[in-house]
Amino acid sequence: MSEKRKDNKGRILRTGESQRKDLIYQYRYTDIRGKRQTIYSSDLKELREKEKIIQKQLDDGIDYTAGKMTVLALLERYISLKQGVRYNTKVGYSFVLNLVKKEDFGYRQIRDIKVSDAQQWMMKLHDEGKGYSTIASVKGVVRSAFQMAYNDDIIRRNPFEFKLIDIVPNDSQKRIAMTKEQQECWMGFIREDETYMKYYDEFVVLLETGMHVSEFCGLTKGDLDFENRRIRVDHQLVRERGGKYYVEKTKTDGGIRFIPMTDGVYQSLRNILADRRRIKTEMIIDGYSGFLLLDKNDHPKVALHIENEMRWAMKKYKKLHPDQPLPHITPHVFRHTFCTNMANAGMDIKTLQYAMGHSDVEVTLNVYTHANYDRVAEQMTKIIDLKSFESQKRERKSG
């Protein structure tokens, strides 16, 4: 029996490990392509930590090629390749990953997953009380991971290529748009309330531009063109849970746009600037400074600030006006309301798509507009009256 190789301290070295004359440790192994590789370290413990990482990578690579990788490992591989994604996307990935870690489905091998297996898992999540939008988010990320495996010729088909609505009922709350009366009621309350009137101008801008709240928070003085009465929207301001601020692109490429200032928006922006405190040192975030909205600490406001303003105001409104209920109002409800107002006023869909910053007109058509009976009746009457008028005109000509 051959004697075990040891280092200068008498410790037994494992297969592939050795110590050079200069006392540096090395580990030799064969990579997934069959090539010999070597790693080095001055410390044996550190070398073995590196060995663990390499072995996991080798196992993952071999398992992936054979389709033996688990659903969870596939997700981790997919997410590791998604560099430079937005903060909210990272949060979404973490949520899905943590959910899958708790599921038996996450530990099945990808080569064994059939369409019916994927569908049954979606149904299980629904039966356990997960909402439609949550399940849709999970399916979206997992489907993309399986698509990567399909594109790499690891699996023969993507088992998540099916319509979720055919499997799970869409019980998510429909997007709300305020009626004209509700808008007048809410904005009238804000305008007159001693506590919340200071937020009135912010609410006017959101309601009359349809901006995402993070786009609004990202506005700087340089984004406002009062001469031509327009707002440049090409970025948004985000703050992580840890408190770090950063500027990122708009939600979609279609989000880069100019928004006209209505008279109300023009005046409210002027008011916000006039009321904005003068501060000695402007906070600079990713090269941007002079943010329009500031909190009590002279830091730029973020979405949470405005969401809280609305929530607190809503609480007071309900207490004072229990006989005049309003829908739960959020910045996104303002955005839906703006889109609906524009659609009901007759703005054509492509123009509305631009105003909303949607990358896909289907989103504008299917998600945001809320037709109502009065609008339908008005349009039908116009069409019928026009047809009747044209018919009468033809009769007069022929007579």
Fully extended contour minus Cα-Cα distance, from Glu128 to Ile54, at 0.36 nm per residue:
22.8 nm
For the chain, set up a Gaussian network in which alpha carbons nearer than 10 Å are linked by springs, and say which option among Val142, Val91, Val213 fluctuates the most.
Val91
Heavy-atom accessible area ranking, 1.4 Å probe, most first, across Leu23, Leu125
Leu23, Leu125
Along the charge dipole of the chain, Cβ charges K/R +1 and D/E -1, which of Tyr150, Met314, Val168 sits furthest on the positive end?
Tyr150
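Report Rg/Rh for segment 7-154, rounded to two decimals, where Rg is the Cα radius of gyration and Rh the Kirkwood radius.
Working: Rg = 20.1 Å, Rh = 18.0 Å.
Result for segment 7-154 is an Rg/Rh of 1.12.
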Have a look at Ile53, Ile306, Ile176 and tell me which one the Gaussian network model of the chain (Cα, springs below 10 Å) gives the largest fluctuation.
Ile53
Compute the FRET efficiency between Tyr40 and Glu282 as 1/(1 + (r/R0)^6), taking r as their Cβ-Cβ distance and R0 = 45 Å, and round to the nearest 0.05.
0.40
Where the accessible area of the chain is counted over protein heavy atoms with a 1.4 Å probe, how much of it, in %, is carbon and sulfur?
49
Any chance you could look up the accessible area of Ser289 with a 1.4 Å probe, heavy atoms only, rounded to 10 Å²?
60
Lys pairs in segment 269-353 with Cα under 24 Å (8 or more apart in sequence, or on separate chains) total 6
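Only sites in a loop by DSSP and with at most 13 other Cβ atoms within 10 Å count here; which GluC sites (Glu not before Pro) in segment 170-211 make the cut? All intermediate terms of the calculation are to be shown ahead of the outcome.
Values: sites: Glu181, Glu184, Glu192, Glu194, Glu202, Glu208; in loops: Glu194.
Hits after loop and neighbour filter: Glu194.
Could you provide, to the nearest whole Å², the per residue accessible area of the chain with probe 1.4 Å?
Numbers: 24270 Å² over 399 residues.
On a per-residue basis, 61 Å².
Holding the Cα-Cα limit at 25 Å, pick out from Lys56/Lys124; Lys82/Lys244; Lys35/Lys114 the pairs that are longer than that. Walk me through the intermediate numbers first.
Working: Lys56/Lys124 31 Å; Lys82/Lys244 21 Å; Lys35/Lys114 35 Å.
In this structure, Lys56/Lys124; Lys35/Lys114 lie more than 25 Å apart at Cα.
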Sparse-neighbour loop sites [chymotrypsin sites (Phe, Trp or Tyr not before Pro); segment 203-232; at most 12 other C-beta within 10 Å; DSSP]
Phe226
Which of Gly218, Gly67, Gly287 moves the most in a Gaussian network model of the chain with Cα springs under 10 Å?
Gly287
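Grab the alpha carbons of segment 153-202, take their convex hull, and tell me the volume per residue in Å³.
Numbers: hull volume 9.6 nm³, N = 50.
Looking at segment 153-202, the number lands at 193 Å³ per residue.
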Within segment 161-242, report the trypsin sites (Lys or Arg not before Pro) that DSSP leaves as loop and that have at most 13 other Cβ atoms within 10 Å.
Lys163, Lys174, Arg241
Shape call for segment 241-308, from the Cα gyration tensor axes a ≥ b ≥ c (a/c under 1.5 means rounded, otherwise prolate when a/b beats b/c, else oblate), comes out oblate
Computed from these coordinates, which is log10 I(q)/I(0) by the Debye sum over Cα atoms at q = 0.09, 0.10, 0.11 Å⁻¹: (i) -0.69, -0.79, -0.88; (ii) -0.79, -0.90, -1.00; (iii) -0.55, -0.68, -0.81?
(ii)
Principal axis dimensions, largest first and in whole angstrom, of segment 119-202 by Cα
64, 27, 22
Averaging sequence separations of C-alpha pairs under 8 Å and six or more residues apart, then dividing by the length of the chain, give the relative contact order as a whole percent.
12
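Let me have the relative contact order for segment 12-104, percent, based on Cα pairs under 8 Å that are six or more residues apart.
So the answer I get is 15 percent.
The values are calculated or read from the model by the stated rules, or taken from the named source; none is laboratory data. Quick caveat, the model's predicted, so the values are computed rather than measured. A quick note on method: Cβ atoms are made from the backbone with ideal geometry, for glycine too, and the neighbour counts reach across all protein chains shown. Calculation scope for accessible area: heavy atoms of the full protein, side chains included, ligands and nucleic acids excluded. Shrake-Rupley method; radii C 1.70, N 1.55, O 1.52, S 1.80 Å.
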